[in-house]
Structure formats: structure tokens, C-alpha cells
Amino acid sequence: MKRPARVLILTGAGVSAESGVPTFRDVDGLWEGHRVEDVATPSAWVRDSETVWRFYTLRRRALLSVEPNAAHRAIARLQAEGPPSLLVSQNVDDLHQRAGSEAVLSMHGQLRSLRCEASGRCEDRMADEDLDEHRFVWCSCCATASRMRPDIVWFGEMPMGMATIAGWIDALREGDLCLVVGTSGHVHPAAGIAQQARRSGATTALVNLDAPLNVDDFDEVHLGPAGSVLPMLVDGWLQAWSDEGASV
Ligand code: BV8
């Protein structure tokens, strides 16, 4: 593959699976134990905020006991040593950031932060007192403290950064790269990004444990665990691009 001018990267739950973070739709996934309608919609929060709070607070607390894996580190290396890139993640964990990735667009929100229901302001709230699944957290931004909700994009809510993502997709040209790692291709608009990138002329490459719903959107398909497939793929690309540079 010739050196692209820019790389758009999209990740999903599969990139964090080898860190011990449960995915959603695999066996033992998060959606096995919960109905989306009960824990990941605005109406669920109105109807039963205690259950939603418990679902997210347990996942927030679990962030403290997981570490980035080789797939996160390979992506951080690709971003540091390769062409200019944007990393769009569907994941709400902070493992890309902790692996050293800088330009991370968390399109479905972030577990680390909470959002004031009155002002909409977000705060990083991971102290012990913020991680009690039986106790809501109150903001520090309003004169009369308001309850804070998970800073998460629920079903039916607009994902974050859509204008930035659309701008990057529009700027992709022939020979650019759209790399997708660890996602089942179920959830839109994320699942449509590869197809749109291909329409812009980019080469689309997938790393996934098995074939996702949108497997036909990819020019290259590398099936296997991201923790072992991705480091080899990134090493090969970086070496080829550096050889190409040297031969100019
Ligand atoms: C919106 C909350 C509009 C955060 C999530 C078009 C067609 C069909 C439906 C829709 C459509 N447009 C909109 C919809 C509705 C809906 C949707 O897509 N529904 C689907 C499910 C039918 N989309 C929305 O509601 C979105 N909002 O469109 O708003 C709008 C417009 C104007 C104004 C207002 C609103 C909002 C989508 C975000 C919802 N929030 N979750 C949280 O709790 O985490 S989505 C949820 O699914 C997660 O966030 C997750 O990120 C996302 C995708 O899942 P994956 O990451 O792919 O994980 P999954 O378990 O599915 O797959 C894991 C994959 O990894 C597997 O393929 C597996 O093989 C692989 N894997 C496993 N281990 C490894 C591995 N790969 C490599 N290595 C390994 N070791």
C-alpha cells in the first residue's frame, strides 16, 4: 500500500476486548445482560435512572482495573509515526488515550465524564465518591446543584463530532486509508463510515475477529484478534511507507 496522505481510523468494542472490557453483541456481551431499551436510551434514564446509573457506574468503576492492549498501542504508533490521522472511536472507555493516541474523537461519549442535566456541562468525575452505583452525582456548575447523567450518546441521540467526521470523510482522496478495527457494523451512523470513505476514494481495511455486517465495504479484510493482527499490519505499513520515502 502506497503511503496515504491521511488516515481515518474507526474503532469499536473489539479493540478493547483483549483488555477485558466486555463487547456488546458477542457471547457474554453487555447486551446479553441488559436490554438496550432499559439502559441505553434517554427514556430509560427518565423511566428508571437508578438502573441506568448502576449500569454505567459499574462500567465506569471497571475502567480503573483495565489497561490498554497491543491493539491500542499499535493505533497510537500508527498515529505518531504515520500520516496525519483522526481516530474516531465508538468506545466509551479511555484506553486509546491511555495508550498515547492524541486525536481521539469519542463519538458515543466517554465513561470518565458526567454531564450536568441542567447546563449540559461535562466534567471528568472518577473520584471514589463519583463511583457509587447507589448514589447519583451532583454538579458543581449550577447555583443549585443539578443531577449529572452519564456523558454517553444513547440510542436516538446524535453522536458527537459528526461534522468533524463528515469533513474528514469528504477530504479523503484516492490512496488514502480508512482503517476499521473491532466493530460489528450494527450501529449507525458509525457503521456507514467505511462505505462513505470508499466513496471518497479511500482504501478501506478491516481488522476484526469475524466478518461484520458491513464486511463488503472493505477492500482488505484481516480476520483475527486485533491485539495480534494489528501490530503486524501497522509494522508492515510503516516499514513500506518509510522504504517508499527512502527510495524517492
Ligand atoms: C442516531 C451507548 C439520530 C454507549 C451506543 C440507520 C440504520 C439502522 C438504524 C439506525 C440508522 N440510523 C440510526 C439508527 C438507530 C440507531 C442504530 O444504529 N440502531 C441499530 C442498533 C439498529 N442509532 C442511533 O440511535 C444513533 N443515533 O442515529 O441519532 C439523530 C439524528 C438527529 C438528531 C438526533 C438523533 C446513536 C448510536 C450510539 C448509541 N450508543 N452505546 C455505551 O453504552 O457504550 S452504541 C453501542 O454499539 C456501543 O456504543 C458500541 O460502540 C456500538 C457498536 O458496537 P460495537 O463497538 O461494534 O461492538 P459489538 O459488540 O457490536 O461488536 C464487537 C465486534 O468486535 C464484533 O464484530 C467482534 O467480532 C469484534 N471483536 C471481538 N473481539 C475482538 C474483536 N475484533 C478484534 N479483536 C478482538 N479481540
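Some points to look at:
- Under the Debye formula (equal points on every Cα, no solvent term), log10 I(q)/I(0) of segment 1-94 at q = 0.11, 0.22, 0.23 Å⁻¹: -0.43, -1.13, -1.19
- Helix axis angle, 162-171 relative to the chain longest principal axis, alpha carbon, degrees: 10 degrees
- Enclosed volume per residue, in Å³, of the convex hull spanned by Cα atoms of segment 183-240: 81 Å³
- Computed accessible area, PHE155, all protein chains, 1.4 angstrom probe, square angstrom: 90 Å²
- Here the relative contact order of the chain, from alpha carbon pairs under 8 Å that lie six or more residues apart, stands at 24 percent.
- The largest-to-smallest principal axis extents of the Cα set in the chain are 64, 38, 31 Å.
- The gain in end-to-end length when the SER228 to ALA103 segment is fully stretched comes to 42.7 nm, 0.36 nm per residue minus the alpha carbon separation.
- Cα gyration tensor category, rounded, prolate or oblate, for segment 124-180 with a/c compared to 1.5: prolate
- Solvent exposure of MET232, expressed as accessible area, is near 140 Å², computed with a probe of 1.4 Å over the protein chains only.
- Per-residue HN-Hα couplings for segment 234-242 [Karplus 6.51, -1.76, 1.60; θ = phi - 60°; Hz; x = Gly/Pro]: 5, 4, x, 5, 5, 5, 4, 5, 6
- Potential lengthening between VAL27 and GLN195 on full extension [0.36 nm per residue; Cα-Cα distance subtracted]: 57.8 nm
- The ellipsoid that matches the Cα gyration tensor of segment 85-156 has semi-axes, each √(5λ) in whole angstrom, of 24, 14, 11, with the longest given first.
- Carbon plus sulfur fraction of accessible area for segment 52-201, probe 1.4 Å, in percent: 51 percent
- Note that segment 151-217, at 37 °C in a medium of 0.692 mPa s, gets a Stokes-Einstein diffusion coefficient of 259 µm²/s from its Kirkwood radius over C-alpha pairs.
- Shown for segment 92-239 is the translational diffusion coefficient from the Stokes-Einstein equation, using the Kirkwood radius over Cα pairs, a temperature of 4 °C and a viscosity of 1.567 mPa s: 73 µm²/s.
- Among GLY224, GLY120, GLY14, residue whose mean-square fluctuation peaks in a GNM of the chain (springs only between Cα atoms under 10 Å): GLY120
- Probe 1.4 Å, accessible area per residue of the chain, Å²: 46 Å²
- List GLU37, GLU244, GLU174, GLU67, ordered by accessible area with a 1.4 Å probe, largest first: GLU174, GLU67, GLU37, GLU244
- Point-charge dipole on Cβ atoms (K/R +1, D/E -1) for segment 147-248, about Cα centre, debye to 20: 480 debye
- Between helix 49-62 and the chain there is an angle of about 50 degrees, using the helix long axis and the longest principal axis of the Cα atoms.
- Taken about its Cα centre, the chain carries a charge dipole of roughly 460 debye when the Cβ of each Lys and Arg holds +1 and the Cβ of each Asp and Glu holds -1.
- Site pair SER140 and THR51 shows an inter-label distance of 3.3 nm when each label is modelled 7 Å from Cα along Cα→Cβ.
The values are calculated or read from the model by the stated rules, or taken from the named source; none is laboratory data. These figures come from a predicted structure and were not determined experimentally. All Cβ positions, glycine included, derive from the backbone under ideal geometry; neighbour counts span all protein chains shown. These area figures cover heavy atoms from the full protein model, side chains too; ligands, DNA and RNA do not enter into them. Shrake-Rupley method; radii C 1.70, N 1.55, O 1.52, S 1.80 Å.
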